[in-house]
1. What is the distance in Å between the Cα centres of the stretch 159-213 and the stretch 536-588?
2. Could you give the size of the charge dipole of the stretch 115-230 about its Cα centre, using +1 on the Cβ of each K and R and -1 on the Cβ of each D and E, expressed in debye and rounded to the nearest 20?
3. Using only DSSP helix segments of four residues or longer, with each worth -39500 (n - 2.57), what per-residue ellipticity at 222 nm results for the chain after dividing by its residue count and rounding to 500?
4. Calculate, in nm to one decimal, what Thr591 and Asp335 gain on full extension: separation in residues at 0.36 nm each, minus their alpha carbon distance.
5. Going highest first, how would you order 274-286, 304-316 by mean Cβ packing within 10 Å?
6. Could you tell me the center-to-center distance, by alpha carbons, between the stretch 391-420 and the stretch 121-147 in angstrom?
7. Within 10 Å of each residue's Cβ, count the other Cβ atoms and sort Glu538, Glu649 from fewest upward.
8. For an R0 of 30 angstrom, estimate the FRET efficiency from the Cβ-Cβ distance between Ala200 and Ala627 and round to the nearest 0.05.
Amino acid sequence: MAVAGWRRARLYPARHPCNSPDGSGHHSPDQRWDADEGNGAPEIVSASTVVQRDSNNWHYDRVEVLKGPASVLYGEGALAGVINKVTRKPVLGERHLDTLLSVGSFDTVFAAGGVNLPVSSTIAVRADASYQRSHSLYDVDNNDTFSAGLTASALWKPSDRLSLLVAVDHFEDRYDATYQGLPLIPGEYALRPSDAVTSANGLVADRALRRRNYNPQGAYSGADETTVRSRLDWSIGSGWTFALDLTGYTAKRAFLLADSQTFVAPTAALPNSSFRQTYQDFRHDHQFWNARGVIGNDQSIAGLRNRFSLGVEHNDTDFVSLRQTAPTSALPAVDVRNPAIVPLPTGTAIFTAGNVTFDSKLKQTSVFAEDALNLTPKWLLVGGVRWDHMELDRATIQDVTGAVDRNSPTFDPVSWRAGTTWDVTPGLTLYAQYTTAGSTVSSILLASIANSRFRLTKGRAYEAGFKASAWGGRASVTGAAYRIEQRDILTRDPNNPALAVQGGRQSSQGVELSGVVSPVKALRLSGGVSYTDAQYDELSELVAGVRIDRSGNRPINVPSTTVNASALYTIANKVTVGGFLRHASAFYTDTANTIRVAGHTVLDASLSFPVAPQATLTLRGRNLTDAFYGEYSGYPTTNVYIGAPRSFEVALATRF
């Protein structure tokens, strides 16, 4: 899944009982070269799709964060990197059953199991199932959650030169009265004002509203997704290989919610503070298929090792989205302190603020090539280029009047990269790389007609770093410095502020450092720190009819510093005690940088020990200091997602 961002994907542990804090290593160009080999069938989704929802991570063998310009092979517009979700796959010759059962705070229950069975010496199958329910993963009122998954796959490997993997994945979830974050209110009306959020106009996060949910009765979000995929790997001989991926995906999603609140101060008629709300009803009907073939060669050229790959990819997407919006008058005002659960509005007449259907068809064809040449056994050069041809057929239908606006733009971005690595010593590798990419100004399937008529934004990235290991492999450290630039983002016409034009620019630059050390066999210490200086180099917005310059401001939801650290100590080769720390500095929820969410530090701990030869019991505590903090701001800017409070969990894992 291609990810375009300021720098990497900033990962937090998912709100999931079986998840534990962890870090990810850095992939330098030569490491990333082989990232696609042996991974089974990767999930190949790029500009043709929208962001997929969270799913139970039991089903994944690993989630690879391929940092840097991996977009050349995996999708356009991914300057910051690519996330590759690799599901569990069958293993030949192994017969085992894995299970996990956990219970925890907020009445959370999770159960999962997976079985790997050999059918013959050349065929194996695997199936995994998971189920989770909770009163609320954020400890919010009227927010029951449910998710389930079922994945199955079969591997046929008649020889070391040929393998075929076929798999099907199904995930579904439902969140009652979806949590949209804590609405900020004026400090003078807050019962327990906190310093978690500060703003220029006096808005604060009131701890007394921590568990309140303002969605109407029956509001929810849910999804039902199914993916069928296959992967053929063939070692042809004489250094030649061939891989073919086929993927089909279908999903239905629905969102019924009050997504924003407007504070109303007490009056004689309404003696209590209240919120006026907007109500939205969104639906997605999404189908997607993809075919991707790659031929590769690993041979010597003039005595130098050379690895080359050439690939072609095509995908086709049908996406229909109903998007209905009702004004604040459609729902009755709710008491800020004791919101009454009002019924959902009925009928379509209320959707006067917006009632539109997007009908999008997208065809994308790509050709890509990459080459890695060892000039010496220690010096590697890597280069790659990718061309994408995207044809979008968009109909925007006004559901009330029946008016239709059609647009059929085409895009032909070319992305390329160049990199090098040098093994200075057996324990030290240096690398550098440069990449370019292009992307649409907004999500291509949901872009407005106006946005779909803009040209692509362009970006480039520079990066250099190192990876070092010492002490017999018991210590390692990686570091990187980078700069990412993006131009032709949307801004305001300086001569006519009412017009949106391209010409804005944004950039980020920073450094990252991470390391792992085991001073003794029983102790493992790891940690990482990153610093990002991100800003709008050129951006203008329209506020009350006036053009405002946002140049120099920090983009929303981007902290300047993140830190993670962990320590695992094993006693008598049986009992493992762990401690985990996560820190993120302050960020802003708006481009004006007037609403500031304070930085936060979260402490977690774990204790695991065997209770039987094939069973391990683990106790976990999260947010042990019960920190009250904002972790993200979605829409609108005055709503902030508050991190889950202190919680505990006990989990039993078995393997037979």
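A short reminder: the numbers here are calculations on the coordinates, not readings from a lab. Please read all numbers here as calculations on a predicted model, not as lab measurements. In this analysis, Cβ positions are derived from the backbone assuming ideal geometry, glycine residues included, and neighbour counts consider all displayed protein chains.
1. Spelled out, the Cα-based centre of one part sits 15 Å from the other.
2. Values: 11 positive and 14 negative charges, 57 e Å.
Dipole size: approximately 280 debye.
3. Working: 3 runs with 13 residues, N = 656.
Per the formula, -500 deg cm²/dmol.
4. Working: separation 256, 0.36 × 256 = 92.16 nm, distance 2.96 nm.
Extending this stretch completely gives an extra 89.2 nm.
5. Numbers: 274-286: 19.8, 304-316: 17.2.
Put in order of decreasing packing, that is 274-286, 304-316.
6. Taking the Cα centre of each part, the stretch 391-420 and the stretch 121-147 sit 35 Å apart.
7. On the way: Glu538 17, Glu649 20.
The order, fewest Cβ neighbours first, is Glu538, Glu649.
8. Details: r = 25 Å, r/R0 = 0.82.
Between Ala200 and Ala627 the formula returns 0.75.
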